[in-house]
Protein chains: 2
Amino acid sequence: MTTSAPEVASQRIAAYLRAEILSGRIGPGERIRQEDVAARLGASRLPVREALRILEAEGLTEHSANRGARVPALTMRQVDMLYQIRERVEPLALVDGLPRVDATLLDRLVDLEKRIEAGTEVGEFVALDREFHLLTYSTCDQELLTSMIVRLWNSTQHYRRAYLAITGLSHRWVAHAEHNLLIEAMRRGDPADAERYLAGHIRRTRTELSRHPEAFAA
Amino acid sequence: MTTSAPEVASQRIAAYLRAEILSGRIGPGERIRQEDVAARLGASRLPVREALRILEAEGLTEHSANRGARVPALTMRQVDMLYQIRERVEPLALVDGLPRVDATLLDRLVDLEKRIEAGTEVGEFVALDREFHLLTYSTCDQELLTSMIVRLWNSTQHYRRAYLAITGLSHRWVAHAEHNLLIEAMRRGDPADAERYLAGHIRRTRTELSRHPEAFAA
DNA sequence: TTAGGATAAGTTGGATCCAATCCAGGATCA
DNA sequence: TGATCCTGGATTGGATCCAACTTATCCTAA
């Protein structure tokens, strides 16, 4: 999760495409042609090929031989399963990092949550919500676990945005309450409650999503 | 999980290296030089590079710029976490596929378990045990979930073998009992019991592993 | 009119060559 | 004597060219 520009071309290209996909500029089902990307970024196709493999590892693209790369278009059933996985896996990171949560981190979470509650734009909400949750896992130093969680967020990001674009940002008080209860449980250092509120939050989001099949591929 | 030889060189090379790593012929921490592999398989370095990216996505290798690829050497703490993830994630696949479990599959599981109980060699046990568990997930058609589970098994395979090499195959009756209870719960189509026995089996294995730090990297 | 197949354009996969980087060993200087 | 800098070998990263595959289009025939 470094923000500085990587010195290696394949990493730089991967970062570019990652941003394109996560922002929604490249949507599910859309094809990514190696030559297009190479020409746009002033490189040969070779580092683009490597970049696409890197993104495949992150769940952002899928690859089939001689047919190129595209952003996976997930069904509602697949996204539902990804949320079930999140519900079980993310509490592990939260509880693992809980002993190292300090006042500075809690302040940042409170600040982020305020900005989330004040926000009016869907794209902004998606970004801030992602930042909020990933920040709650930032004290977990189990790289294998946190990278898996980032993959899960990556794969489902588009459908979160699509859902919010449909429902709008009104009636979000439930999510805000859950976020604040999560922060409070973290402040108390209570692993059971932290896991409870987090799992409940993810589960409720999943249920809401399943009420909007129009956010998914046909 | 196709067994036929892939037509694409990068896939074929990936399959070769995958077998080398899973069998233990390439161990944790060991470096994989592109030229070595290319020369051995009669290809150029390019498809080897792609193969290493594919394996990286599967958790079998790790990559750093200009420093090449190697098989990750995990600490006991990391493997313990992977087992905690397995404990929470694998029951999802089991329960998801449970309605489609039929008599033929149960027969195959019973047969496999008999061969596991009759086995005397560690390498054979590791392979059969893997086959047994992955077979219990074979009716789960959620590709995203099952591929994640395969990755988890891949990453921990070496340490299972190392553990068994230390402790031997005696006193394995607990695992056998757990396997048989799992089969029986699947026969009844009971998701609660199936999840219970599976999670317990993984958890107990994790506990046993944590008693043998000598199986891990320093 | 439509189904089928041949063909051609477009795209990806692979090989070879060159450039950039890393690492170990030794020489130089304080 | 010790640390630092430099240099050469080894290895990976990238560019260009060619081959193989996929796919869409157009023509032919029923």
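Only the coordinates and a few stated rules stand behind these numbers; no lab work does. For clarity, every value in this text was computed on a predicted model and none was experimentally measured. Ideal geometry is used to build each Cβ from the backbone, glycine not excepted, and the neighbour counts take in all protein chains shown.
A few remarks follow.
- Residues of the stretch B:170-180 satisfying the condition of being surrounded by 15 or more Cβ atoms within 10 Å (Cβ to Cβ) and either over 24 Å from B:E195 (Cβ atoms) or without any contact (Cβ under 8 Å) to a residue 60 or more places away in the chain (or both): B:R172, B:A175, B:E178
- Here B:E58 fulfils each of the conditions (1) at the interface with chain A (Cβ under 9 Å from one of its Cβ atoms); (2) touching a Cys at 6+ places or on another chain (Cβ under 9 Å) apart from (2).
- Taking the stretch B:89-118 as the range and being within 11 Å of another protein chain (Cβ to nearest Cβ) and without any contact (Cβ under 8 Å) to a residue 24 or more places away in the chain as the test, no residue passes.
- The lone exception for B:S23 - which of (1) surrounded by 14 or more Cβ atoms within 10 Å (Cβ to Cβ); (2) within 12 Å of DNA strand D (Cβ to nearest atom); (3) of a type in the set (S, T, Y) it fails: (2)
- Helices (runs of 4 or more DSSP H) contained entirely in the stretch B:39-137, each with at least 1 residues that are closer than 15 Å to B:N154 by Cα: B:45-57, B:76-97, B:122-136
- Condition met for A:R86 (of a type in the set (D, E, K, R) and crowded, with 19+ Cβ neighbours inside 10 Å): yes
- Lone unmet requirement of (1) of a type in the set (S, T, N, Q); (2) within 16 Å of DNA strand C (Cβ to nearest atom); (3) out of contact with any helix residue (DSSP H, G or I) (no Cβ under 8 Å at 6 or more places or on another chain) for A:T75: (2)
- Test: residue in the stretch B:48-57 that is near DNA strand C (Cβ under 10 Å from one of its atoms), under 15 Å from A:E56 (Cα atoms) and of a type in the set (A, V, I, L, M, F, W, C): yes
- Test: residue in the stretch A:16-31 that is over 30 Å from A:R203 (Cα atoms) and within 12 Å of DNA strand C (Cβ to nearest atom): yes
- Condition check for B:R12: away from every other protein chain (no Cβ under 12 Å) and either more than 10 Å from DNA strand C (Cβ to nearest atom) or touching a Pro at 6+ places or on another chain (Cβ under 8 Å) (or both): no
- Flag if A:R53 is over 13 Å from A:R18 (Cα atoms), of a type outside the set (V, I, T) and within 13 Å of DNA strand D (Cβ to nearest atom): no
- Qualifying residue in the stretch A:29-42 (condition: buried (at least 21 other Cβ atoms within 10 Å of the Cβ), β-branched (V, I, T), within 16 Å of DNA strand D (Cβ to nearest atom) and at the interface with chain B (Cβ under 9 Å from one of its Cβ atoms)): no
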